[in-house]
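Here the structure comes first, spelled out in C-alpha cells, and everything after it is commentary.
The values are calculated or read from the model by the stated rules, or taken from the named source; none is laboratory data. Quick caveat: nothing in here was measured; it's all calculated off a predicted structure. In this analysis, Cβ positions are derived from the backbone assuming ideal geometry, glycine residues included, and neighbour counts consider all displayed protein chains.
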Amino acid sequence: MLFNADFENKVASPWFTFQQNPSIELTTPINQGFSDSKCARIDQSPQTVVAWSNWKQTVYSLTPGGNFELSAQVRMTNITDGHGMSLGVSFFDANGQPVGQSITSPFQTMALSTFEKQTVIGQVPMLARRAEVRLTQHDHGSVWFDDIELI
C-alpha cells in the first residue's frame, strides 16, 4: 500500500515532510537503514525549540470499515525531552475533511540503540476515502524510520 517504504528510491518518492521549525533536519541518509542503505531520519538539535516534525504519505487503497496495521523499524538516539516518536494514520472523506479519530501509537520516549519494530493497529472509518500515514518526532535527538508497512 505504501510506495518507497524503504526510502531507497531517489526519484518520485511519495513521502513529503512537515516541520514546524526550519532548523529541524529531515533527511534520507545513506548506510544508516535497517535492511538496506537508506532510511528516513529526523534530527532536532538540543539548541532548537522542540517542535512537531513528520514524514507523511497519502494512501488511497484502504478499505472503509476494514482493519489495518502500520509498522516501522525505528531507532532513536539522544532523546531528551518532549514526546519522542510515534506512528499515526489520519483519515479523510471524499471532500478532504477529517473523519473518525486519528490512530496513533503510544509515544516512544526511550532511546532505541538498534532498530526495533513499532506498530499501531486500527480500523478505517466507513466514510474514509484516503488516509495520511505519519512518522512523527516531537523531541530533541534523532529518529530513524525504515521498512514502513501498511497492511
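Observations, loosely collected:
- Selection count where residues are in a loop (DSSP other than H, G, I, E, B), among the aliphatic types (A, V, I, L, M) and touching a strand residue (DSSP E or B) at 6+ places or on another chain (Cβ under 7 Å), scope segment 124-142: 2
- Candidates ASP81, ASP6, ASP43, filtered to the one that is in contact with an Asp or Glu (Cβ under 9 Å, 6 or more places away or on another chain), over 16 Å from GLU149 (Cβ atoms) and surrounded by 15 or more Cβ atoms within 10 Å (Cβ to Cβ): ASP43
- Scan of segment 14-31 for residues that are surrounded by fewer than 17 Cβ atoms within 10 Å (Cβ to Cβ), polar (S, T, N, Q) and under 23 Å from LYS117 (Cα atoms), ordered by number: THR17, THR27, ASN31
- Failed item, numbered, when VAL11 is tested on (1) at pLDDT below 85; (2) surrounded by 15 or more Cβ atoms within 10 Å (Cβ to Cβ); (3) of a type in the set (A, V, I, L, M): (2)
- None of THR104, THR48, THR63, THR58 is closer than 18 Å to SER142 by Cα and of a type in the set (Ser, Thr, Tyr) except THR48.
- Residue check, VAL120 closer than 19 Å to GLU8 by Cβ and of a type in the set (A, V, I, L, M): no
- Number of the condition not met by VAL89 [criteria: (1) farther than 15 Å from GLU132 by Cβ; (2) modelled with pLDDT of 90 or more]: (1)
- For segment 50-61, filtered to residues that are touching a Lys or Arg at 6+ places or on another chain (Cβ under 8 Å) and over 19 Å from TRP144 (Cα atoms), the residue that is surrounded by the most Cβ atoms within 10 Å (Cβ to Cβ) is VAL59.
- Candidates ILE121, ILE151, filtered to the one that is surrounded by fewer than 19 Cβ atoms within 10 Å (Cβ to Cβ), at pLDDT 95 or above, in contact with a strand residue (DSSP E or B) (Cβ under 7 Å, 6 or more places away or on another chain) and of a type in the set (A, V, I, L, M, F, W, C): ILE121
To keep it simple, each residue is scored yes or no on (1) more than 17 Å from the chain's Cα centre (by Cα); (2) touching a residue at least 60 places away in the same chain (Cβ under 8 Å).
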position	(1), (2)
ALA40	no, yes
VAL49	yes, no
LYS56	no, yes
GLN73	no, yes
MET76	no, yes
GLY82	no, no
ASN95	yes, no
PHE107	no, no
VAL120	no, no
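- Single residue of ALA128, ALA94 found to be farther than 20 Å from LEU26 by Cα, crowded, with 20+ Cβ neighbours inside 10 Å and of a type in the set (Gly, Ala, Ser): ALA128
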